[in-house]
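Some notes on the structure that comes next.
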Amino acid sequence: MLINLLRVMITRSFKPFIFEKSCLQRPVEYSDLPNLGLYVHVPFCREICPFCPYYKVKYDAFLASQYIDALIREIQLKSTNSTKKKITSLYFGGGSPALIIDYLGEILETFRKYFIIENSIGIELHPDNVNPNLISTLKDIGFDIISLGVQSFNGDILQILGRKEKSDNRKKLEMIAGEGFKAIDVDIIFGIPGQTPKAVEEDLRKAAEYGATQISTYPFIDFSYTNNLQKPLNKKEKKVLLDTIIKTTEKIGFNRTSVWTFARKNSPRYSSVTRENYLGFGPSATTLLRKDFRINTFSVTEYINMLKNNNIPTALVLDFSYRARELFWLFWSCYNLYIDKNNFFKLFNKDLDSEFWLEKKVGKLLGIIENNENGYTLNNKGAYLFHLVEQKYADQYIDKTWRIARENPWPEKIVLY
């Protein structure tokens, strides 16, 4: 009900969002897009964690080699500019990208043929994959940001999640910290049954002590297609833990940089796809352009087959109305707690205050936004309201879309109310 009401109020329309089957090989127009990022989804894991909602399959060496060929072809097909495009970042997520470490240098070189990577190159790592050779190789080929999926340093909590941990997470994090990466992110999940404020505080303090420059905290969400052994804590219990996170990160010298992320003061910020525009590569990867939002097929084999025939593997496309595209930008700006008037004007050639005068007025009345020199900032009250909206968004929109895309690699249509 909350999401439905917000959708109608903010879009000023009763029409649903509709993803439709992509029958045409649409050109990927990105030459005029500011702040463009790149994302690569690597869909392989040694073990499938029951709580993880992302698309992945068990690692198979032959399938992975075919995926590499397909990925390189996708980069070539999507890189349509006659001159190299400057991009803000390149990020490898998963799955477990470390499982294709032998190919990562080749993939980076392919990207560098078509893009100028101005800032960071980041990668997600599972602690079990971390070893000195891996870390040294990543540093040598150009990665400067690492995100370590610890989830918790508490063995009992990991067992509740169904995580079969084999690593000494402290040792792995300290190993990464010793190599001098620009930013080191640690993922921590909160809202797990049996998790206390004390346990959350210990996780945060340990992450900071062992070398994290950023801590990404995520609420435990029970997606309909995952195999969670336990159900998440309720809203009230999660709020207690979130309050603990806010207080603890402040004590240990971390600033809040988004609804769920906290970075050490004066350290670079890390994120995956919270970009104004980005190109996605790999099965299930998404692409956000000026006029549409695209989703690649949720099938490794279908992805490979499409690219063998030189076809871009887009399964679904959401064509934005102008208003809907502005709202998508506003949604993720709110997640980042920072609504920048200048960035809005660069992307839309419109005045933010004129386009969202009503939303600004409501935000001021509710006391959830504050002025800054370039626009507006969500305060902690606003961040908590967005935390609630984000979870509802995951339940109502992401869960449905990803579930259907998993069941059918080429859905005819997905309607989101």
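Laboratory data are not the source of any read-out in this text; all were calculated from the coordinates shown. Note that the structure is predicted; figures quoted are calculated from it, not measured. Cβ sites come from the backbone with ideal geometry, for glycine too, and all protein chains shown count toward neighbours.
Relative contact order of the chain, please, whole-number percent, based on alpha carbon pairs below 8 angstrom and at least 6 residues apart.
Working: 718 pairs, mean separation 84.1, N = 417.
For the chain, the relative contact order is 20 percent.
Any aspartates and glutamates with Cα under 17 Å of the Lys308 Cα? List them, leaving off those in the same chain fewer than 8 positions away.
Lys308 reaches Asp69, Glu74.
How far apart, in nm, are two points set 7 Å out from the Cα along the Cα-to-Cβ line at Lys413 and at Arg205?
Simple spin-label model gives 5.6 nm for this pair.
Could you tell me what percent of the DSSP beta bridges with both partners in region 18-264 are antiparallel, to the nearest 5?
Counting only bridges with both partners in region 18-264, antiparallel ones make up about 15 percent.
Quick check on the chain: helices-only [θ] at 222 nm, where DSSP H runs of length 4 and up contribute -39,500 (n - 2.57) each and the sum goes over total residues. Nearest 500, please. Spell out each step's value before the answer.
Numbers: 15 runs with 167 residues, N = 417.
When only DSSP H runs of four or more count, the value is -12000 deg cm²/dmol.
Could you tell me which residue out of Trp260, Gly211, Leu134 lies farthest along the dipole of the chain toward its positive end? Charges go on the beta carbon: Lys and Arg +1, Asp and Glu -1, centred on the Cα centre.
Looking along the dipole axis, the top candidate is Trp260.
Which shape class applies to region 210-250: rounded if a/c is under 1.5, otherwise prolate when a/b exceeds b/c and oblate if not, where a ≥ b ≥ c are the square roots of the Cα gyration tensor eigenvalues?
oblate
Take the residue pairs Lys291/Lys413; Lys78/Lys113; Lys56/Lys164; Lys78/Lys291 and return only those whose Cα atoms are more than 21 Å apart. Don't skip to the end; give the middle numbers.
Details: Lys291/Lys413 18 Å; Lys78/Lys113 12 Å; Lys56/Lys164 17 Å; Lys78/Lys291 16 Å.
Over 21 Å apart, Cα to Cα: no pair at all.
Once you have a ≥ b ≥ c as the square roots of the Cα gyration tensor eigenvalues for region 18-264, tell me rounded if a/c is under 1.5, and otherwise prolate or oblate according to whether a/b is larger than b/c. Working shown, then result.
Details: a/c = 1.65, a/b = 1.54, b/c = 1.07.
Verdict is prolate for region 18-264.
Tell me whether the chain comes out rounded, prolate or oblate; compute the Cα gyration tensor, take square roots of the eigenvalues as a ≥ b ≥ c, and use a/c under 1.5 as the rounded threshold.
Because its axes are fairly even, with a/c under 1.5, the chain counts as rounded.
So which aspartates and glutamates can Lys381 reach, going by Cα to Cα under 18 Å and dropping same-chain residues fewer than 8 places off?
Glu237, Asp243, Glu250, Glu359, Glu370, Glu390
With the contact rule set at Cα under 8 Å and sequence spacing of 6 or more, what percent relative contact order holds for region 334-408?
Relative contact order comes out at 31 percent.
Given the Cα-Cα distance of Arg406 and Lys139 and 0.36 nm per residue of separation, how much length would full extension add, in nm?
92.7 nm
Step through the table entries Lys182/Lys251; Lys166/Lys236; Lys198/Lys231; Lys265/Lys400; Lys139/Lys239; Lys198/Lys364, compare each Cα-Cα distance with 27 Å, and write down the pairs that go over it.
Lys166/Lys236; Lys265/Lys400; Lys139/Lys239; Lys198/Lys364
Most mobile of Ala207, Ala61, Ala324 per a Gaussian network model of the chain (Cα springs, under 10 Å)?
Ala61
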